[in-house]
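The values are calculated or read from the model by the stated rules, or taken from the named source; none is laboratory data. Since we're looking at a predicted model, the values are computed, not measured. Here the Cβ is made from the backbone with ideal geometry for all residues, glycine too, and neighbour counts use every protein chain on show. Just so you know, the surface numbers come from the protein's heavy atoms only, side chains and all, with ligands and any DNA or RNA stripped out. Shrake-Rupley method; radii C 1.70, N 1.55, O 1.52, S 1.80 Å.
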Amino acid sequence: MIDIKKLVRKNIRNLIPYQSARSIKSNGDIWLNANEMPFPKKNTFFFKNLNRYPRDEYSLLIRSYASYLNINKINILATRGSDEAIELLIKAFCEPKKDKIMFFPPTYDMYSIYSEILGIESVKVFQLKKFKLDINTIKKNMNNIKIIFICNPNNPTGTIIKKKDIIKILKISHNKCLVVVDEAYIEFCIKKTSIDILKKYSNLVILRTLSKAFSLASIRCGFVISNYKIINVLKKIIAPYPLATPVLKIALNAFSHSNLDYMKYKILKLYRNKNFLINKLKKNFHVKKIFPSYTNFLLVKFHSSKDVFNLFLKKKIISRDQSNKVFLKNCIRISIGTKKECLSLLNSLVSKKKDIN
Ligand SMILES: *Cc1c(COP(=O)(O)O)cnc(C)c1O
């Protein structure tokens with residue numbers, strides 16, 4: 001078992017967290033303890049009593065996410081998007097000028113950005129061919145590493161890291177650092193989740209979000225799933241009342257049986273669009289390579305990403321050029337849209353051919 005106390009920054013270990021009015025358990029129904037206005041505001045859309053700080057909704061959400069994942073609620077924290085979780089983890093565990101984080105480019109930018117903001121050095125171990133992890137180099141660079149971030153499936157490549165490689169890293173890192181697996185896109189390939197090995201590795205942290213497959217990007221809601229000791233450390237430093245009542249209510253609704261069924265249906269629909277797009281792009285003369293995708297986006301290497309980006313733009317289609325990232329010259333990341341949007345995208349590439357002919 002990993003000694004979490006030893007891993008936490010000393011100042012966080014010694015911190016006595018703020019006690020919000022709601023966190024002090026008391027019986028009663030006249031609420032005069034939190035300096036709220038007693039009069040509800042009018043016109044708050046579907047939401048009532050927004051004059052009050054959130055009450056039970058946070059723990060209700062945790063309970064429903066726990067039952068969705070079939071794990072204990074003490075292993076879950078809800079955050080303002082999973083981006084906040086990345087920040088909280090670095091803040092709680094990494095001592096500036098001493099500890100480092102490690103991640104594997106090309107990958108999600110926020111690991112690097114939060115570490116920079118917080119004054120934490122990052123060690124980048126580039127992925128190998130076919131976007132595999134370089135286990136040997138990882139092993140050799142473990143000095144002062146406190147957190148390893150693995151994005152799985154990876155953004156922006158759309159590829160997957162094999163479970164056996166994740167386990168290798170968990171073994172290398174055991175008792176020395178946390179291994180954070182960012183599963184923002186996991187619902188698109190749910191069999192690849194690392195949730196099943198959570199009990200076995202007490203230094204494993206999994207990040208999830210409602211922003212992608214759950215179709216709730218605008219409410220900013222994510223989850224940390226881990227050993228309860230790690231969750232308790234994060235609870236110490238997260239803001240009081242971390243999620244807003246409307247967010248909590250909408251998030252809670254996402255876990256009803258009918259909404260979960262609807263999500264699965266939408267994922268299948270998206271996969272149909274994705275396969276359609278792949279088959280058409282394969283034959284397009286701009287395209288050099290389409291990377292295997294386990295997500296709701298495609299990484300496509302073109303002969304010229306700049307030309308293609310501009311062709312898209314001419315048709316008012318916004319994509320994400322990844323050329324500035326290591327190994328991704330001339331690559332564009334394309335989110336899978338509706339069938340109609342996929343067709344517009346394909347049309348924008350065809351018109352160029354006509355221009356040439
Ligand atoms: C989109 C994304 C996130 C951010 O999720 P939020 O919950 O919206 O903050 C985290 N990690 C990866 C890899 C993502 O692509």
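Determine if segment 318-325 includes at least one residue that is more than 19 Å from ALA217 (Cα to Cα), open to solvent by 80 Å² or more (accessible area, probe 1.4 Å) and basic (Lys, Arg). Checking segment 318-325: not a single residue is more than 19 Å from ALA217 (Cα to Cα), open to solvent by 80 Å² or more (accessible area, probe 1.4 Å) and basic (Lys, Arg).
Every residue, every condition in (1) closer than 23 Å to LEU234 by Cβ; (2) in contact (Cβ under 8 Å) with a residue 24 or more places away in the chain; (3) among the acidic types (Asp, Glu), yes or no:
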{"residue": "ILE135", "(1), (2), (3)": "no, yes, no"}
{"residue": "LYS139", "(1), (2), (3)": "no, yes, no"}
{"residue": "THR159", "(1), (2), (3)": "no, yes, no"}
{"residue": "LYS164", "(1), (2), (3)": "no, no, no"}
{"residue": "LYS168", "(1), (2), (3)": "no, yes, no"}
{"residue": "LYS171", "(1), (2), (3)": "no, no, no"}
{"residue": "CYS177", "(1), (2), (3)": "yes, yes, no"}
{"residue": "ALA184", "(1), (2), (3)": "yes, yes, no"}
{"residue": "PHE188", "(1), (2), (3)": "no, yes, no"}
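When segment 1-52 is filtered for residues that are modelled with pLDDT of 90 or more and touching a Ser or Thr at 6+ places or on another chain (Cβ under 7 Å), the ones remaining, listed by number, are PHE47, LEU50.
To keep it simple, each residue is scored yes or no on (1) in a strand (DSSP E or B); (2) within 22 Å of the chain's Cα centre (by Cα).
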site	(1), (2)
SER258	no, no
ARG272	no, no
PHE276	no, no
LEU298	yes, yes
LYS325	no, yes
LEU328	no, yes
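Going through (1) more than 15 Å from the ligand (Cβ to nearest atom); (2) within 21 Å of GLU187 (Cα to Cα) one by one, SER59 falls short only on (2). Note on segment 182-208: residues that are aliphatic (A, V, I, L, M), out of contact with any Lys or Arg (no Cβ under 9 Å at 6 or more places or on another chain) and assigned to a loop (DSSP other than H, G, I, E, B) amount to 1. Candidates in segment 167-190 are the residues that are farther than 21 Å from LEU210 by Cα and open to solvent by 10 Å² or more (accessible area, probe 1.4 Å); of these, the one that is nearest to the chain's Cα centre (by Cα) is ILE167.
Looking across segment 334-350, the residues that are part of a helix (DSSP H, G or I) and of a type in the set (Ser, Thr, Tyr) come down to SER344, SER348.
Just wondering, is there one or more residues in segment 237-252 that are of a type outside the set (A, V, I, L, M, F, W, C) and part of a strand (DSSP E or B)? The answer is no, given that none of the residues of segment 237-252 is of a type outside the set (A, V, I, L, M, F, W, C) and part of a strand (DSSP E or B).
Of all residues in segment 65-82, at least one satisfies being within 16 Å of the ligand (Cβ to nearest atom), open to solvent by 70 Å² or more (accessible area, probe 1.4 Å), within 30 Å of SER323 (Cα to Cα) and under 30 Å from the mean Cα position of the chain (by Cα). Restricting segment 137-150 to residues that are touching a strand residue (DSSP E or B) at 6+ places or on another chain (Cβ under 9 Å) and open to solvent by 10 Å² or more (accessible area, probe 1.4 Å) leaves a set whose member that is nearest to the ligand (Cβ to nearest atom) is LYS146. Within segment 118-136, the residues that satisfy the criterion of being more than 19 Å from ASN152 (Cα to Cα) and open to solvent by 60 Å² or more (accessible area, probe 1.4 Å) are GLU121, ASN136.
What number of residues in segment 1-44 are outside any helix (DSSP H, G or I) and without any contact (Cβ under 8 Å) to a residue 24 or more places away in the chain?
Residues in segment 1-44 being outside any helix (DSSP H, G or I) and without any contact (Cβ under 8 Å) to a residue 24 or more places away in the chain: 24 in total.
If you filter segment 168-198 down to residues that are charged (D, E, K, R) and modelled with pLDDT of 95 or more, you find that the one that is farthest from the ligand (Cβ to nearest atom) is LYS171.
If only residues of segment 104-136 that are under 21 Å from LYS164 (Cα atoms), among the β-branched types (Val, Ile, Thr) and not in a helix (DSSP H, G or I) are counted, the one that is nearest to the ligand (Cβ to nearest atom) is THR107. The residue list VAL233, VAL205, VAL224, VAL247 contains one member that is more than 16 Å from the ligand (Cβ to nearest atom), of a type in the set (A, V, I, L, M) and on the phi < 0 side of the Ramachandran plot, which is VAL233.
When the residues of segment 90-101 are narrowed to those that are touching a helix residue (DSSP H, G or I) at 6+ places or on another chain (Cβ under 7 Å) and either within 16 Å of the ligand (Cβ to nearest atom) or open to solvent by 30 Å² or more (accessible area, probe 1.4 Å) (or both), which ends up farthest from LYS249 (Cα to Cα)? The extreme case among them is ILE101. If the condition is being touching a helix residue (DSSP H, G or I) at 6+ places or on another chain (Cβ under 8 Å), free of Cβ contacts under 8 Å to residues at least 60 places away in the same chain and open to solvent by 30 Å² or more (accessible area, probe 1.4 Å), then segment 245-268 contributes ILE250, ASN253, ASN259.
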